[in-house]
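Working notes for the structure below.
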2 protein chains.
Amino acid sequence: MLKPKEANSLESRIQSHYAELPPAERRLADLLLGFPGDIATYSASELAEMAGTSNAAATRFFRRLGYKDFSEARRMVRGARSWGSPVYLSAPEDRVRQNSKTVAAHIARETNNVSRTLEALRPDILREAADALIAAKRVFVAGFRNSSVLALYLYRQLSIIRDGVVLVPSVGQTLGEDLAGLNGDDVVVVLGFRRRVAMVETLISVAKRRGAKVLLVADSSATAMPKKPDWSLLCEVRSESPFDSYTAAMSVLNLLCAATFRAGMPTSFERLRDVEALHDELEELDTVNWIASVGMGETDAEDAS
Amino acid sequence: MLKPKEANSLESRIQSHYAELPPAERRLADLLLGFPGDIATYSASELAEMAGTSNAAATRFFRRLGYKDFSEARRMVRGARSWGSPVYLSAPEDRVRQNSKTVAAHIARETNNVSRTLEALRPDILREAADALIAAKRVFVAGFRNSSVLALYLYRQLSIIRDGVVLVPSVGQTLGEDLAGLNGDDVVVVLGFRRRVAMVETLISVAKRRGAKVLLVADSSATAMPKKPDWSLLCEVRSESPFDSYTAAMSVLNLLCAATFRAGMPTSFERLRDVEALHDELEELDTVNWIASVGMGETDAEDAS
DNA sequence: GACACGCTGAAAAATGTTTTCCATTGTCGA
DNA sequence: TCGACAATGGAAAACATTTTTCAGCGTGTC
């Protein structure tokens with residue numbers, strides 16, 4: 001096993017030692033991995049307290065991670081941030097070098113996309129949309145091409161919160177069948193990201209004509225569309241690569257789900273438990289079938305590693 | 001000496017006292033105005049040294065600015081950061097207020113998740129994985145439950161870059177059929193996020209036994225799995241809400257696609273154009289059908305809610 | 001059960017940081 | 001030149017944090 005104990009980030013150190021961490025230190029690891037904010041601004045004792053353990057554990061933790069002491073860890077974390085990303089400069093090789101440049105650019109772009117998108121988002125619109133998603137009789141979630149991925153995500157999460165969520169277009173159905181009986185009690189969520197098909201506009205028109213409310217989640221090019229939805233949430237999708245990035249969109253959808261969940265609070269909570277339990281049962285069943293079909297049966301099954 | 005000003009930022013305090021600062025303290029002021037943000041991660045002595053003055057001066061400086069002592073200053077700077085969100089505080093209403101707090105917390109968490117995840121990611125692993133995705137005879141992309149959303153995304157993007165990409169499990173197929181003939185020339189990408197079904201491990205075992213390479217994209221809880229994939233890309237998924245956030249995962253996948261695209265450069269580029277053109281044609285056709293099936297033509301067709 | 005082992009937090013010891021005190025320096029006006 | 005004054009940094013004192021030590025605890029093994 002390789003221990004490239006050199007100049008790797010705190011995160012990667014935690015990950016590579018995660019398996020061998022005792023409980024108290026693992027709590028610290030979990031805390032740090034999920035920490036919103038700059039770790040370097042906290043003292044070891046504060047971190048220990050937040051993780052619900054003693055500061056002795058904190059000392060041992062950082063040492064086990066390969067730092068000389070806590071202050072070395074702090075220095076390195078601090079360094080990593082202001083440097084941009086010195087991630088893995090151990091290999092002075094050229095391709096690797098260039099590669100990590102690319103990664104650094106990606107980091108900058110993506111964090112920027114996310115924070116700009118979220119800061120531009122209007123909480124009042126979010127709230128209205130969330131309320132509407134709870135109040136609606138049915139919710140249709142529509143997305144074409146790449147947006148279908150996001151539609152699928154939103155559909156799955158909303159289905160946890162409430163009944164009557166429909167994914168559009170669904171397999172083996174025409175859009176007409178999918179939208180049967182659409183009316184003023186319904187809400188249509190349209191994921192309308194770049195490279196929109198004409199269908200997106202059509203869909204919005206039809207929905208509005210039938211009196212349904214429309215929530216559009218899209219990139220900023222959607223502002224040019226003639227048909228206006230009731231609410232829009234705009235997401236930055238530009239990327240360093242030729243592939244649009246739906247990172248910010250994902251974040252907005254997560255936030256939308258959270259807001260909707262909160263809006264439907266008394267009901268939602270129980271439902272969440274129900275659905276999770278149900279899923280667990282169903283997935284178990286599936287698992288058995290799959291194992292059978294792959295032919296796991298007899299194997300003692302060893303591989304090296 | 002009226003000082004009704006309380007919770008103003010470090011910057012504004014410096015500004016309003018700037019005129020009356022003695023030289024040594026002014027150097028400190030200049031230093032601090034110069035790098036916004038990270039101040040809380042430094043000790044007073046460090047700041048003093050950077051400003052080329054004594055730490056006695058630092059003490060006097062922070063006191064003159066109206067802080068009780070240095071640690072109060074540090075606390076406030078740190079607080080301002082996590083509180084920081086100029087987002088729409090126009091409405092002093094209560095619900096809106098609370099809502100925008102939530103949004104602020106979401107912003108902090110999400111940007112943090114993304115940058116941490118990307119910083120922890122090892123460029124060398126990314127590169128190897130990307131090369132393998134190009135070199136493989138076939139690429140299987142597998143994801144269950146929520147991970148199926150990400151699998152769909154990756155499948156779509158990889159399909160643009162190369163032939164022979166297979167989404168698993170596919171509708172109406174057993175996993176056994178999906179994986180028919182899996183062998184050492186193939187690569188399996190497993191999206192294995194939290195609430196993993198047992199199938200994930202099984203799949204990895206089977207793939208490795210057959211000699212295929214395995215790339216795992218998952219949250220950090222996957223480090224505890226006994227079966228080790230050839231490469232892992234770990235993503236932070238924790239969120240302020242009960243719903244896991246796949247924002248960082250999305251970003252990693254986008255990066256993976258970009259890297260893969262670059263790895264397959266000469267071929268990929270032409271293919272990208274082809275596929276886009278093809279898509280456009282197909283989608284156009286679809287659109288026509290859909291419009292027909294929804295019945296756009298004449299209807300004014302109204303019902304009241 | 002007895003032992004070895006590693007994990008744990010409390011508290012002592014070591015180390016580091018901030019504040020206070022004070023001697024020195026430079027400036028200004030008489 | 002002198003005295004008054006403010007600014008300054010060095011160093012000791014006061015304070016805070018980190019590290020080490022140590023005894024207790026639980027787990028697994030013989």
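The values are calculated or read from the model by the stated rules, or taken from the named source; none is laboratory data. Note that this is a predicted model, so its numbers are computed, not measured. Here Cβ is always computed from backbone atoms with ideal geometry, including for glycine, and neighbour counts include all displayed protein chains.
Whether a residue is under 24 Å from A:ASN254 (Cα atoms) and away from every other protein chain (no Cβ under 12 Å) was assessed, and A:ASP163 passes this test.
A single entry from B:ALA105, B:ALA180 fulfils the requirement of being free of Cβ contacts under 8 Å to residues at least 40 places away in the same chain, surrounded by fewer than 21 Cβ atoms within 10 Å (Cβ to Cβ) and either within 11 Å of chain A (Cβ to nearest Cβ) or not hydrophobic (A, V, I, L, M, F, W, C) (or both): B:ALA180. Of the residues making up region A:247-264, not a single one is assigned to a loop (DSSP other than H, G, I, E, B), under 20 Å from the mean Cα position of the chain (by Cα) and at pLDDT 90 or above.
For region A:34-58, filtered to residues that are farther than 22 Å from B:ARG74 by Cβ and within 13 Å of DNA strand C (Cβ to nearest atom), the residue that is farthest from the chain's Cα centre (by Cα) is A:ALA56. Across region B:71-95, the number of residues qualifying as more than 16 Å from DNA strand D (Cβ to nearest atom) and either of a type outside the set (Val, Ile, Thr) or at pLDDT 50 or above (or both) comes to 15. Reported count of residues in region A:226-238, each being of a type outside the set (D, E, K, R), in a loop (DSSP other than H, G, I, E, B) and within 17 Å of the chain's Cα centre (by Cα), is 1. Can you name the residue in region B:34-70 that is within 14 Å of chain A (Cβ to nearest Cβ), under 18 Å from B:SER12 (Cα atoms) and in a helix (DSSP H, G or I) and is also nearest to DNA strand D (Cβ to nearest atom) among such residues? For region B:34-70, the residue satisfying everything is B:PHE70.
Counting residues in region B:194-217 that are more than 8 Å from every other protein chain (Cβ to nearest Cβ), under 20 Å from B:LEU121 (Cβ atoms), touching a residue at least 60 places away in the same chain (Cβ under 8 Å) and among the hydrophobic types (A, V, I, L, M, F, W, C) gives one or more. Residues of region A:18-33 include none that is more than 8 Å from DNA strand C (Cβ to nearest atom) and outside any helix (DSSP H, G or I). Taking (1) touching a strand residue (DSSP E or B) at 6+ places or on another chain (Cβ under 7 Å); (2) touching a residue at least 60 places away in the same chain (Cβ under 8 Å); (3) buried (at least 23 other Cβ atoms within 10 Å of the Cβ) in turn, A:LEU191 satisfies each apart from (2). All of A:ALA130, A:ALA104, A:ALA151 fail the test of being assigned to a helix (DSSP H, G or I) and either under 22 Å from A:VAL206 (Cβ atoms) or of a type in the set (Val, Ile, Thr) (or both), apart from A:ALA151.
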